[in-house]
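Everything on this sheet refers to the single structure shown next.
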Amino acid sequence: MNSGAVLEVVGLCGGYGGETVLQGVDLAIAPGEIVAVIGRNGVGKSTLMRTLAGLLRPTAGRILFDGRDATAESADRRARAGVGYIPQGRDVFPSLTVRENLMVGEVAGAGRSTPDYEAVHRFFPILKERARQRAGTLSGGQQQQLAIGRAMIGAPKLMLLDEPSEGIQPSIVKDIARNVRALNRQTGVAVLLVEQNLDLIVSMAERGYVMEKGRVVASLSREEITSRDAVRRHLTI
Amino acid sequence: MELAATLFSTAYQFGDAFAFLVISCAGLAVIFGMMGVINLAHGEFIMCGAYVTAATARAGLPLPLAILCGALVAGLVGMALERAVIRHLYHRPLDSIIATWGVSLIATQGVLIVLGSTMQGVGTPLGGVAVGDRSYSLYRLVLMGAAVALLAGLYWLFYRTRFGVVARATIERPQMARALGVDTRRVYGLTFGLGAALAGLAGGLYAPTMTMVPTMGATFMVESFVTVVVGGADIFVGAAPAAAILAAIRAGLTAWYGQLFGQIGLLVAVIVVIRILPGGLSAFIKRARR
Amino acid sequence: MNDARTFAPEAAPRDRRSGLAVWLRRLEGPQTMGRGSLFWLAAGLALLAAAAYPQFSDDYTVGNAAYFLVWTFMAMGLGVVWGYGGALSFGQTAFFGLAGYAYGVLTINVGAAYGFTWLALILSVALGGAFALLIGYFMFFGRIRGVFIGIVTLSVTLVLETFMAQTAGPQWRIGEARLNGFNGMSGMPPLTLPWPGGDLVLYPGAQLYYALLAMVALCYLGLRMLLNAPFGNVLVAIRENPERAEMLGYDVRVYQMLAFGLGGALAGLSGALYTAWGQYITPSSMGLTSAALPIVWVAVGGRRDITATLLGTLLVLTAFQQLTIYGSQYALVAMGALLLFTVLLAPDGVVYTAMERLGRLGRPGRRAGR
Amino acid sequence: MTEILRVAGLNKAFGGVTVARDIDFALEAGAMHCLIGPNGAGKSSFFRLLLGEHAPDSGTITFRGEDITRLRPFQRIRRGMSVKFQVPGIFKALSVRQNLEVAFQNHLHGADLAATVERVLDFASLGDEAGTPAGVLSHGQQQWLEIGMAVGVEPQLLLLDEPTAGMSPDETRRTGEMLHALNARGITILAVEHDMAFVEQIAKRVTVLHFGAIFAEGSIAEMIAHEGVQRIYLGAADE
Amino acid sequence: QDGPIRIGVLEDQSGDFAAATMVKVHAIELAAKEINDAGGIAGRPVELVVYDTQSDNRRYQEFMRRVLQQDKVDVVFAGFSSASREAYRPIVNQFDGLAFYNNQYEGGVCDANMIVTGAVPEQQFSTLIPWMMETYGPKVYTLAADYNFGQISAEWVRQIVAENGGEMVGEEFIPLGVSQFSQTIQNIQATDADFVVTLLVGAAQASYYEQAASADVGLPMASSVNVGQGYEHKRFTPPSLKDMYVTTNYIEEIDTPASKAFVEKFRAMFPDEPYINQEAANSYIAMNLYKQMVERAGSTDHDAIRAELGKGDVCFDGPSGNVCLDPKSQHMSHTIFLAKVEADHSIAFPTVWENIAPYWLGDAGCDLTKNDPSAQYTPSSPPPAN
Ligand SMILES: Nc1ncnc2c1ncn2[C@@H]1O[C@H](COP(=O)(O)OP(=O)(O)OP(=O)(O)O)[C@@H](O)[C@H]1O
Ligand SMILES: Nc1ncnc2c1ncn2[C@@H]1O[C@H](COP(=O)(O)OP(=O)(O)OP(=O)(O)O)[C@@H](O)[C@H]1O
Ligand SMILES: [Mg+2]
Ligand SMILES: [Mg+2]
């Protein structure tokens, strides 16, 4: 296949212990692309993201990151190579302060880039205001912003965004969309986005994949994705 | 003059009890407070540090170096143990109780079999100093200084350095930390090793004042656990005041009513403090601060 | 409240089965492993074997088996408190010791005639349970939880130990009974059954063994029923997420306190029986090492299931004793190694893991990792 | 109509952060009301105050004519409240079925209990997962379970904190329909949501919270048109 | 009956007490070997059944039952701590066994099933305290472990000090396991004591000496347990035990031909033995006394053995000199050595008291030749007068 992709996934299988959730996923993302993955609850979207981040070990298939085989690489090495993961449910470090959460984010970029707090604070001003508050006491939306900011600090080449709009107020959803797109434009970071929020998908994604029962069953072009109906059709039973 | 002597005596007793609690609980505070591992082999790391200190000191090493040796060896043993056993038990704190109890049995009895039932100690250095009509051990003043330095050093390490922040993050959400690029295995290994080294340091510092037997670590256990827990979730905010309160209670009761009341009073104080502040001291301090 | 409901069934026919039948049905349920005729057949056979075994064994071995049975109550109690209720008590020995001393004080003062020893046993257990309720009230109504429970209970048992250790002087007596400090109290009678033609003294041997076996079986079945009853469900829910349980309308504190009281009563039963068994009780049975032991038994067997707890306790007691007999100085090293391997290889407990494997052989099922 | 809930002069601060500022709020029995507001406005905290998880600094909460300000959470629940939290608070090691049993057994027993559990399993599309430990469900499935636990008991007042987060548009609509059905049975519903389509679907009236205080109140159309609400919450009209 | 004579040995080979008790097992093994080499007891070989009781009272209960019921031993040698003895005593009584308790203790056990070879307070304190008062002065401070041994011993000290016209200027009890003594050291310094009686027990409490030395307490110390049992002078760095005086019935430094021969035999068999303490000698003596009684009785039957004991002439010339069993209390007479620890931790023997009998129990009314109360008495709760 073409080797220009930031991420290329071939026949990926995997899941939890004995249970296979992913049943052969194929997809590819070119540098600077924003690609959405849609699908109903429980089809394995988050499982795919976790496997790509290296938190779950695939049972078959290959993951190429930047053309390099990363299938067997550990999560931390992937992160340091430039995979930024923003999990569903945010997973901020609750007892650490906002500022300390961001400090942890520095690790991924160590050696590759200098942490750009300015940029993060520009995108998410609340993170500056609440720098000394414990992340666990932030509201849901604030935590989501922190999780994205934390990944940003590490200067990723690819961001894995799992349902970033969940629980976020409309204006910030728009902000996030705008910010992620701006980030994408400024730094060329590629984004793999899992979403259920139509507006966000439509406003962000350049193309998309549809998942069903652990497989990619359809690919959506730029035209299809901007027409809400196609997306909606795939999300209904 | 009389008054000054009495004051000194009181301060000395308090400082002595405080130093004992702080020094003996520091390693546990790191391992339990930071990593959530209930380490019942804490006492054996202390014993390890004490034995190594005594052995190297009697082989001719100056005492301060011997103590560092003790801490170092205990730290290395700790890292090895982490790699072999503890690594598999994170977030299974209750299983870590059993495993570390097993380690403690093996260590105590193994030392007994290999090195015999006792070991010759090292004498306490520095001798005594007279204040008023009483005399005091100078070395104990050194211990008090060491306790304060230890607290300051740990606070700095865990709150002011990136290693500390990353370590705390790792312990809280290891998966997420890994996904952010943290080599969690290394962090775990180092943190546990640090805790073990601190226990070893406690052993080394107290080696000159105690009987050297394989079970010597047991004398530290109850006090250190109690201090760490009364301190509460945030060990570094809580441990120092916890040690101070417990030391004051212990020293006071011991002075007025004897050792029995000191002992029982310490335990009762623990129960009462936890009852009044169910989240430990640190939760209370946090709330008060805001 | 509104009669028409979206979810609730419209006035389903009332359950006409009697209370007893409901309870019997609770012998099986989601909170305990083992169901179906095969399981009960195996359990019946095990009981039968246990009952027949004294016929094929010598007095010492039977007496020793009785001794093992003595400890299982404390283990099962801890299983309820810790395994099901999620409160790790490090101080079950406090209730053990208290009841043990109570049995001694009562029987030394009143004697063993007319089966008084049994009344003393019941009173001691009640005392252990009441004390546990008190401590439980103090802790759970004081919002104490997690590791703090461990430290509070440990402190309680150590206070008792330290206090009892210094009661050597003659002033420390309750009626006829000298507490006798660290050396321990002795001279109390064993359990005695009034019997035509002379009381039966239950020295460790077949008679005591049968009495204990019956008690263990009753206690085990009773706990199974309780754990599968709504009480058990709520207890487990509280272990998993106390805040949520409260938000479903349960007074979490009361459930935890009751479970703790039950655990204390069972520990007390062990304590009183232990005293009767050896006619001796000592403060060190409330000390640090003694306090750690029940935790080891329960953890090694498997704390998440009462059957695993029971079998595991017997297994560990036997294994440790055998090691001590044949291992001389190396026994403790071997015990330590055994614990390590158990935790690393069978994290849910040896018996629990074995039972789960066995169970899975029978039926296919979806069961993902923890 | 009668009032089921009244909150008067409610205040609560955590250190520097005020999460409730002089809140006066009332709910008619049978209402279907939405609470919206920026992230961090204090919506979830308001729920926690209603439920007794946080004690207010001042103010009173009256539920069905009774002052419940000093009651413990479980006592409030028993008086007829039920809640779905923002972050699913399920019992991870229990099976899905057991989760529901625990949720309902305070009110229902025997065959009633079993039947209700089956209906809720069906409603939440969790029939296949009934025996699965709840902790391994996908995020969306956990949300469904949490909703099932809250609605199955059919309380007087149902509190829902972001019930449709993580749901697909279709599921969101279905949830809305279910809430309408419940409401038709007389159950009062108070929901926190960020999904405006959903809010439009269910809410007759909407309250906007901002910095812990009530910022605006009115019908959904009014709120969408409200300039202040657009500024603090909705963002500029779609690009 | 011709099979071997089986001897149960229950001693702590691990746990807290191991330091002082391993040597007891070795002493019994040495005696057994000698007896077997010389043709056994009445021609029957001796066979040891040894269990490690792990410093755990429960193990004593388990194993006492085992040796008596399953191994069917003829006699048991058992126990270090008094608590362990009290734990197994009901079981020995239940099966009517015979047990030797070869340990220095607080005294007072009046039990026909028990023979005690260790020294008791009247033997150690009636000698030590008057000598100390004469040498250093009449003001005494007692520091004792807070349990039976310490409390009862302190009671003896108090009584003897009073009888000799001295004065108790302080008395302090330390819970077991306490290892920090700063406050205690202050308390002692606050008095004008002439010497300190230290009745401290266990590894933790032994830390007192080092801590007292480093605080320059500088008072002479008197003890019935140290040195003779736990060889603190070998384990601590000089001069922390300087001027410690101990009454012991044996330690390896004793400079008599019998003692030297014993040490030589012992080290030949156990070259790495850290120290041969008084309990080792007592255990060794006990084996030989048992041999003598069985041979005289012509049987291992307990009543026959006790009949021999009742004659009052069961004596043995051992490493510590001549010792005899007292028929009334079934305790043993001792030669009591006053050991003084010098600044370099070498031992001097300022004086020796020969042939001190365990008189108290008999005088107080315990007479096992007449009846068997199976009880433990203390000066403040003596046998009921009858
Ligand atoms: N930790 C786990 N262990 C076992 N099975 C799991 C685990 N997490 C998820 N699963 C199962 O894997 C399947 C896919 O879950 P996943 O979280 O990937 O779904 P999803 O597509 O992200 O759904 P949602 O939109 O609800 O977040 C589900 O059936 C779920 O039950
Ligand atoms: N325990 C606490 N300690 C300190 N601050 C807290 C605490 N709980 C909440 N807060 C703060 O109170 C504010 C309100 O939080 P809350 O969770 O109620 O917001 P929300 O309106 O539910 O937001 P979202 O829509 O993002 O869920 C936030 O700024 C949060 O950081
Ligand atoms: Mg998902
Ligand atoms: Mg919220």
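The values are calculated or read from the model by the stated rules, or taken from the named source; none is laboratory data. In this text the structure is predicted, and so the values were computed from the model without any measurement. Quick reminder, even Gly has a Cβ in these numbers, built from the backbone with ideal geometry, and neighbours come from all protein chains shown. Heads up: the accessible areas ignore ligands, DNA and RNA and are worked out on the full protein's heavy atoms, side chains in. Shrake-Rupley method; radii C 1.70, N 1.55, O 1.52, S 1.80 Å.
Quick grid of which residues meet (1) facing another protein chain (nearest Cβ under 10 Å); (2) part of a loop (DSSP other than H, G, I, E, B):
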position	(1), (2)
A:GLN88	yes, yes
A:ASP91	yes, yes
A:GLN143	yes, no
A:ARG150	yes, no
A:ALA155	no, yes
- Matching residues in region B:90-121 - criterion: being over 15 Å from C:ALA337 (Cα atoms), facing chain C (nearest Cβ under 7 Å) and in contact (Cβ under 8 Å) with a residue 40 or more places away in the chain: B:LEU94
- Message: Checking the conditions here, which among C:VAL351, C:VAL296 is within 11 Å of another protein chain (Cβ to nearest Cβ), open to solvent by less than 40 Å² (accessible area, probe 1.4 Å) and either within 25 Å of C:THR153 (Cα to Cα) or touching a Ser or Thr at 6+ places or on another chain (Cβ under 9 Å) (or both)?
- Response: C:VAL296
- Query: Just one of the numbered conditions (1) at pLDDT below 85; (2) farther than 19 Å from B:ALA19 by Cβ; (3) in a helix (DSSP H, G or I) is not true of B:ALA242; which one?
  - Reply: (2)
- Taking region D:55-81 as the region of interest, how many residues are facing chain C (nearest Cβ under 8 Å), surrounded by 19 or more Cβ atoms within 10 Å (Cβ to Cβ) and not hydrophobic (A, V, I, L, M, F, W, C)? 2
- Message: Given the condition closer than 19 Å to A:GLN88 by Cβ, crowded, with 21+ Cβ neighbours inside 10 Å and of a type outside the set (A, V, I, L, M), answer yes or no: does some residue in region D:115-127 qualify?
- Response: no
- Note on the structure: How many residues of region C:299-323 are within 12 Å of chain B (Cβ to nearest Cβ), assigned to a helix (DSSP H, G or I) and more than 24 Å from B:ARG83 (Cβ to Cβ)? The answer is 5
- Given the structure, is E:LEU68 more than 7 Å from every other protein chain (Cβ to nearest Cβ), in a helix (DSSP H, G or I) and open to solvent by 20 Å² or more (accessible area, probe 1.4 Å)? yes
- Query: Considering A:ILE172, A:ILE168, A:ILE176, which residue is more than 12 Å from the chain's Cα centre (by Cα), within 16 Å of ligand 4 (Cβ to nearest atom) and not in a loop (DSSP other than H, G, I, E, B)?
  - Reply: A:ILE172
- Task: Within region C:112-139, count every residue that is of a type in the set (Gly, Ala, Ser) and either open to solvent by less than 20 Å² (accessible area, probe 1.4 Å) or free of Cβ contacts under 8 Å to residues at least 40 places away in the same chain (or both).
- Result: 7
- Query: Restricting attention to region A:154-190, and to residues there that are away from ligand 2 (no atom under 16 Å from the Cβ) and in contact with a Phe, Trp or Tyr (Cβ under 7 Å, 6 or more places away or on another chain), which single residue is most open to solvent (accessible area, probe 1.4 Å)?
  - Reply: A:ASN179
- All conditions in (1) modelled with pLDDT of 85 or more; (2) buried (at least 22 other Cβ atoms within 10 Å of the Cβ); (3) within 14 Å of chain E (Cβ to nearest Cβ) are true of C:ILE149 except (3)
- Assess whether D:ALA103 counts as being away from ligand 1 (no atom under 16 Å from the Cβ) and in contact (Cβ under 8 Å) with a residue 24 or more places away in the chain. yes
- Item | Those residues of region C:274-289 which are open to solvent by 10 Å² or more (accessible area, probe 1.4 Å) and more than 7 Å from chain E (Cβ to nearest Cβ), in sequence order | C:LEU288, C:THR289
- Only residues that are open to solvent by less than 20 Å² (accessible area, probe 1.4 Å) and within 13 Å of C:TRP71 (Cβ to Cβ): list them for region C:318-341, please. C:PHE320, C:GLN321
- When you go through (1) facing another protein chain (nearest Cβ under 8 Å); (2) within 16 Å of ligand 1 (Cβ to nearest atom); (3) open to solvent by less than 20 Å² (accessible area, probe 1.4 Å) one by one for A:ASP76, which number turns out not to apply? (2)
- Task: Please tell me if A:ILE63 is touching a helix residue (DSSP H, G or I) at 6+ places or on another chain (Cβ under 7 Å), away from ligand 2 (no atom under 16 Å from the Cβ) and within 14 Å of chain D (Cβ to nearest Cβ).
- Result: no
- Message: Within region E:186-195, does at least one residue satisfy the condition of being touching a residue at least 12 places away in the same chain (Cβ under 8 Å), in contact with a helix residue (DSSP H, G or I) (Cβ under 6 Å, 6 or more places away or on another chain) and of a type in the set (Val, Ile, Thr)?
- Response: no
- Query: When region D:133-165 is examined, which residues are found to be within 16 Å of ligand 3 (Cβ to nearest atom) and within 7 Å of another protein chain (Cβ to nearest Cβ)?
  - Reply: D:VAL136, D:SER138, D:HIS139, D:GLY140, D:GLN141, D:GLU162, D:ALA165
- Quick one: would you say E:VAL50 is open to solvent by 10 Å² or more (accessible area, probe 1.4 Å) and touching a strand residue (DSSP E or B) at 6+ places or on another chain (Cβ under 8 Å)? yes
- Restricted to region D:36-92, and to residues that are in a helix (DSSP H, G or I) and more than 14 Å from the chain's Cα centre (by Cα), which residue is nearest to ligand 4 (Cβ to nearest atom)? D:PRO73
- Residue check: is A:GLU106 within 14 Å of chain B (Cβ to nearest Cβ), within 19 Å of A:MET159 (Cβ to Cβ) and acidic (Asp, Glu)? yes
- Message: Going residue by residue through region A:173-182, is there one that turns out to be aliphatic (A, V, I, L, M) and over 20 Å from A:ASN197 (Cβ atoms)?
- Response: no
- Query: If you check C:TYR210, C:TYR255, C:TYR203, C:TYR250, which single one turns out to be outside any helix (DSSP H, G or I), of a type outside the set (Gly, Ala, Ser), touching a helix residue (DSSP H, G or I) at 6+ places or on another chain (Cβ under 9 Å) and open to solvent by 30 Å² or more (accessible area, probe 1.4 Å)?
  - Reply: C:TYR203
- Item | In region A:111-141, the residues that are open to solvent by 10 Å² or more (accessible area, probe 1.4 Å), farther than 19 Å from D:GLY212 by Cα and either within 16 Å of ligand 1 (Cβ to nearest atom) or in a loop (DSSP other than H, G, I, E, B) (or both) | A:GLY111, A:ARG112, A:SER113, A:THR114, A:PRO115, A:ASP116, A:PRO125, A:ALA131, A:ARG132
- Query: Does D:ASN99 qualify as being more than 14 Å from chain A (Cβ to nearest Cβ) and surrounded by fewer than 19 Cβ atoms within 10 Å (Cβ to Cβ)?
  - Reply: no
- Message: Any residue that is facing another protein chain (nearest Cβ under 10 Å) and over 26 Å from the mean Cα position of the chain (by Cα) - is there at least one of those in region E:154-174?
- Response: no
- Among (1) over 30 Å from D:GLN230 (Cα atoms); (2) within 14 Å of chain A (Cβ to nearest Cβ); (3) more than 16 Å from ligand 4 (Cβ to nearest atom), where does D:SER168 come up short? (1)
